[in-house]
Amino acid sequence: MSDHEAAANVSESDGETFSSMSDDEASSNVELLFQQAFAKADPTPFLLQVVKDHPTYEHIEFPLSSAMLKQPRKALLADKLSRLPSPDDYENEVEDYGPTNKYLFHCLLSGLSLKHGLTHNSDMYATMVVGLDPHGPKFPVFNSQDPEVLVVGTCIQLLLHGSVLPTERTGSGYRTSAEEVAKGLKEQKAAGIVKDPRAIQVLELAISHAETGLKPENDRDDVWDLLFPSNQALK
């Protein structure tokens, strides 16, 4: 059994009793899932599954903090996962577009983290805007990435929590108006950067989101399923 299958199985078993637990019991159960994930050589699919199955602040923030305190070495890993690409991570790593692409997976984790208030940093906002101009000189760290991957990564985060981008929280270096986002995405569509049919549909959804003002009520949770039906990344 692969780690992805094991993660799904653990989550399904957990989900059978989770709804009947008190908040304290539920938090303890999620903390146990985090500890089990940290024990794996590759905890990423397990961590993602926990966040996807229990995407509420009280069920993620506090159990994760507690698990990190109990396993401080693993806290370093959690910190690493919360930060998106550095030159060391991606300079020589070019992967095909698809559900196993590490950059896209990081964008999914970043978008979920921003959406649920788990963490935020400048790297996360950088990946949110780099796809508006994937050939631009502003972010040399991403030069090795395929432009289509950069644009789709931006769309993933915009659809998950694009409403944060025009706010002061992003900081002056990354704060971007909805109009600028729409303009950048339209330019990428016109240039034919995105070629995958499902990714084109997601790009069009992101453009629509920007054209209607990047309003919080228009953020959505299903972008990964739209790109890769049947949660292929977790199987």
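The values are calculated or read from the model by the stated rules, or taken from the named source; none is laboratory data. None of these values were measured; they are calculated from a predicted model. Methodologically, a virtual Cβ is constructed for each residue, glycine included, from the backbone with ideal geometry; neighbour enumeration extends over all protein chains shown.
Laid out as a table, the results:
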read-out	value
Residue satisfying condition, being modelled with pLDDT of 95 or more, among the small types (Gly, Ala, Ser), surrounded by fewer than 17 Cβ atoms within 10 Å (Cβ to Cβ) and at negative phi, within set 144, 122, 177, 172	177
Hey, residue 172 without any contact (Cβ under 8 Å) to a residue 60 or more places away in the chain and either in contact with a Phe, Trp or Tyr (Cβ under 6 Å, 6 or more places away or on another chain) or assigned to a helix (DSSP H, G or I) (or both) or not	no
Test for residue 154: is it hydroxyl-bearing (Ser, Thr, Tyr), within 14 Å of residue 105 (Cα to Cα) and at pLDDT 90 or above	yes
Search result, residues across region 180-191 that are charged (D, E, K, R) and crowded, with 20+ Cβ neighbours inside 10 Å	none
Residue check, residue 194 farther than 16 Å from residue 103 by Cα, surrounded by 24 or more Cβ atoms within 10 Å (Cβ to Cβ), touching a residue at least 12 places away in the same chain (Cβ under 8 Å) and β-branched (Val, Ile, Thr)	no
Scan of region 144-161 for residues that are in contact with a Pro (Cβ under 9 Å, 6 or more places away or on another chain) and of a type outside the set (Ser, Thr, Tyr), ordered by number	145, 146, 147, 148, 149, 150, 151, 161
Residues that are in a helix (DSSP H, G or I) and over 13 Å from residue 154 (Cα atoms), drawn from region 100-111	102
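Yes/no matrix, rows are residues, columns are (1) acidic (Asp, Glu); (2) without any contact (Cβ under 8 Å) to a residue 12 or more places away in the chain; (3) buried (at least 20 other Cβ atoms within 10 Å of the Cβ); (4) over 15 Å from residue 127 (Cα atoms):
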| site | (1), (2), (3), (4) |
| --- | --- |
| 162 | no, no, yes, no |
| 168 | yes, yes, no, yes |
| 200 | no, yes, no, yes |
| 207 | no, no, yes, yes |
